[in-house]
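As structure tokens, the structure follows; a few thoughts come after it.
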Amino acid sequence: MPRTSIHRIGDLLANAHLLVGEEAVLVDTGWPGRRDAVAKGLRRAGLRPSDISRIVLTHHHPDHAGNAAALKSEAGAMILAHPADAPFIEGKERPPAGSDFSRAGRMLSRFPRPVLKCSAYPAAAVDGFLEDGSEVEGLPGTLVMHVPGHTPGSVCLHNPGEGWLLAGDAVSHMLGKLWLPTLSFSWDLEGVLDGVRRIISTEVREIHFGHGPPLRGDDACDRLSSFLKKRSRMCLS
């Protein structure tokens, strides 16, 4: 069976990824209003939005779900998300404006109206749920990893046979450094740290991120482990 091809669409202020296995699956959709940038990225991979069978959302934040409704309408694709984040994507529940364990998050929570106005995007119906350990249809061998922390329904995609993982915002890789997700917009600090630990436990050789370029090599998880040891001491001190 051919290896899954992974195409990064990185001109969205957050990454989307096109995964091509038995079917073409788009993971995340960028900020609202950036549909054309997604379409351009698909064209670079030789595809059109109509070639997409499914749209996987790693979590509900606007830089990842912002164009889901527009692309679903154009492509006729199914949207898949974890059930804990689905109400926010569908506009049935209002997301929190900020975290309660971060000073900046508590400040944001005092002004929910402007925060939520800036982060609003068109609601999109979720057609199927991503459950921990389930295989993503159209991507043989690619499994859902539920990592609640950044949001209650944050997920990674992990292909153990091919040795890669798509981390969403569970961890980022920007400016040559690894970063935890923005804690002021995260849901649970210990969940964030546990999510990174779970990624490390996979021992994958290739990690793709919602922000920044991929990390490749036999030492990818070792680098992540060294980062987490330093960062967790700062977070929990």
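Readers should treat all values here as calculations from the given coordinates under stated rules, not as data from a laboratory. Because the structure is predicted, anything quoted here is derived from the model rather than measured. Glycine also receives a Cβ, built like all others from the backbone with ideal geometry; neighbour counts cover every protein chain displayed.
Quick rundown of the values:
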read-out	value
DSSP bridge pairs, the stretch 5-236: antiparallel proportion in percent, nearest 5	65 percent
Charge tally in the Cβ shell below 15 Å around V126, where Lys, Arg are +1 and Asp, Glu are -1, V126 excluded	-4
The stretch 126-185, dipole about Cα centre (Lys/Arg Cβ +1, Asp/Glu Cβ -1), debye to the nearest 20	380 debye
Counting all C-alpha pairs of the chain, share separated by more than 23 Å (%)	45 percent
Lys, Arg +1 and Asp, Glu -1 on Cβ, resulting dipole of the stretch 171-237 about Cα centre, debye, nearest 20	240 debye
Mean ellipticity per residue at 222 nm, deg cm²/dmol - from DSSP H runs of n ≥ 4 across the chain, formula -39500 (n - 2.57)	-8000 deg cm²/dmol
Footprinting exposure proxy for T29, T142, T151, T4 (fewest neighbouring C-beta atoms within 10 Å first)	T4, T142, T151, T29
Net charge dipole size for the chain [Lys, Arg +1 and Asp, Glu -1 on Cβ; Debye, nearest 20]	1080 debye
Proxy reagent accessibility, fewest Cβ within 10 Å first, across H146, H64	H146, H64
Euclidean distance between Cα centres, the stretch 66-106 to the stretch 193-220, Å	23 Å
With 10 Å bins from 0: P(r) over the stretch 116-222, alpha-carbon pairs, percent	14, 44, 33, 8, 0
Per-residue HN-Hα couplings for the stretch 70-85 [Karplus 6.51, -1.76, 1.60; θ = phi - 60°; Hz; x = Gly/Pro]	5, 6, 4, 5, 6, 8, x, 8, 7, 9, 10, 7, 6, x, 6, 9
Residue order, fewest to most surrounding Cβ atoms within 10 angstrom, among H7, H173, H61	H7, H173, H61
Computed lengthening from K40 to E203, 0.36 nm per intervening residue step minus Cα-Cα distance	55.4 nm
